Amino acid sequence: MNDFTQMHVFFFITTLVVIVIGILTSLILWRFWIMLGHIEKLSRDISEEGTLVRADIAHMRNTMLVEGFKMGLLSNLLSKTAKRFTTRRRPKKETPNEESSTAE
């Protein structure tokens, strides 16, 4: 092989490698983007649950100030919190857009 042919083969192989690395990097970044979306949703759910737990604790404090401490209050708080964490949430169904059904 002469130098000119070797140069063409080298650049052809290098171009293929760069394309493959670019595609793999794009796939990795896409998966990372999806994971970040899931993490954001999870942190939003945790924040909502934290707000509910704080409200339950505030309610328990108010009840304890009025009625005094009872073991039932503590068990009620723990059972409500455990029930919220163990029940599965169903995804919200999207309602069809009314404009698309009337645009016929």
Full-extension gain between Val66 and His38, please, as 0.36 nm times their residue separation minus the C-alpha to C-alpha distance. 5.8 nm
Leading residue at positive end of dipole, the range 3-84 (Cβ point charges), from Leu24, Phe11, Ile39: Ile39
How far apart, in nm, are the 7 Å Cα→Cβ label points at Arg84 and Met1? 6.8
Ranking His59, His38 by Cβ neighbours within 10 Å, fewest first, what do you get? His38, His59
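Values quoted throughout were computed directly from the atomic coordinates according to the rules given, and no laboratory measurement underlies them. None of the values given here were measured: they were computed from a predicted structure. For neighbour counting, all protein chains shown are included, and Cβ atoms are generated from backbone atoms with ideal geometry for every residue, glycine included.
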